[in-house]
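Written out below as structure tokens is the structure these notes cover.
The values are calculated or read from the model by the stated rules, or taken from the named source; none is laboratory data. These figures come from a predicted structure and were not determined experimentally. Reconstructed Cβ throughout: ideal geometry from the backbone, glycine too, with neighbour counts over all protein chains shown. The area values use the complete protein model at the heavy-atom level, side chains included, leaving out ligands, DNA and RNA. Shrake-Rupley method; radii C 1.70, N 1.55, O 1.52, S 1.80 Å.
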Amino acid sequence: MPLLAEPMAMPPSAQLCGTCHGPTGQGVEPLGPRLAGLSTEYITQQIKLFQTGQRQNVSMTPMSMVLQGDAIKPVADYFASQEVPEVTVHLRGEAAVYSDPTQELVYQGDWDRMIPACVTCHGPSGVGGGQFPRLAGQQASYIKTQLLAWQAGTRKGDVDAMMGSIANKLTADEIDALAKYFAEIK
């Protein structure tokens with residue numbers, strides 16, 4: 001039987017983060033979304049966006065200022081290393097036709113409206129990777145809030161404002177359905 005790696009100890013600089021995101025980054029609704037399963041690259045980028053004001057949140061903007069310089073990476077590494085539930089991955093192209101319009105948006109997009117499939121960037125079943133966050137298992141309320149922020153132009157920081165463009169083409173019902181869909185992927 002192979003030995004399992006020892007879980008990474010929470011760095012002292014991450015303890016404040018654990019207050020809202022949970023000690024292992026599983027999220028504390030409605031205070032903070034799940035950080036576990038996000039990449040070090042993505043977490044680091046988001047902290048820097050909060051610090052520079054490109055991304056704004058009444059709680060996160062001042063909290064991000066606590067982490068400076070070399071303190072950011074250990075925090076990002078810690079939360080990125082935390083376990084998340086395994087999901088049965090559904091690959092794009094496994095079905096040619098979807099009767100559920102939400103699944104169609106997720107796996108095929110809507111090219112009449114120039115909306116790419118969510119999994120194009122967010123990976124199979126929304127498991128994320130690199131600079132694209134994991135959506136699978138994230139809180140529905142958080143996903144919805146972020147899509148609405150992209151629509152309103154109050155969230156920025158992505159390449160070529162891609163998410164703002166996509167979010168602006170989604171209806172309120174589609175945002176609700178997508179948030180629910182990704183939150184329920186287990």
Percent of accessible area on the chain owned by carbon and sulfur, 1.4 Å probe? 60
Both in Å, the radius of gyration and Dmax of the C-alpha trace of the range 117-186 are 11.2, 31
Among the range 161-186, those whose backbone N falls under 17 Å of a label point 7 Å along Cα→Cβ from VAL87 are 175-186
With a point put 7 Å past each Cα toward its Cβ, work out how far GLN54 is from ALA161 in nm, to one decimal. 1.4
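When N counts the residues of the range 35-85, how does its alpha-carbon radius of gyration compare numerically with 2.2 N^0.38 Å, as a ratio?
On the way: Rg = 10.8 Å, N = 51, 2.2 N^0.38 = 9.8 Å.
Scaled against compact globular proteins, the figure is 1.11.
For HIS90, HIS21, what's the largest-to-smallest order of accessible area, 1.4 Å probe? Before the final figure, lay out the partial values.
Numbers: HIS90 50, HIS21 20 Å².
Ranked from most to least accessible, the order is HIS90, HIS21.
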Would you list which lysines come within 26 Å of LYS48, measuring only between C-alpha atoms, while excluding same-chain residues fewer than 8 positions from it? LYS73, LYS144, LYS156
If the viscosity is 1.567 mPa s and the temperature 4 °C, what translational diffusion coefficient in µm²/s does Stokes-Einstein give for the range 75-159 when Rh comes from Kirkwood over Cα pairs? 90
On a 0 to 90 degree scale, rounded to 10, what angle separates helix 140-152 from the longest Cα axis of the chain? 70
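ALA152 to GLU104: extension gain in nm, 0.36 nm per residue of separation minus the Cα-Cα distance?
Values: separation 48, 0.36 × 48 = 17.28 nm, distance 2.45 nm.
Contour length minus Cα-Cα distance gives 14.8 nm.
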Just report the Cα centroid separation between the range 139-186 and the range 84-132, whole Å. 14
Where in the range 100-114 does the label zone of ASN168 land, with the point 7 angstrom along Cα→C-beta and an amide N cut-off under 18 Å? 110-114
At 10 °C and a viscosity of 1.306 mPa s, what translational diffusion coefficient does Stokes-Einstein give for the range 1-107, taking Rh as the Kirkwood radius over Cα pairs? Give it in µm²/s as a whole number. 100
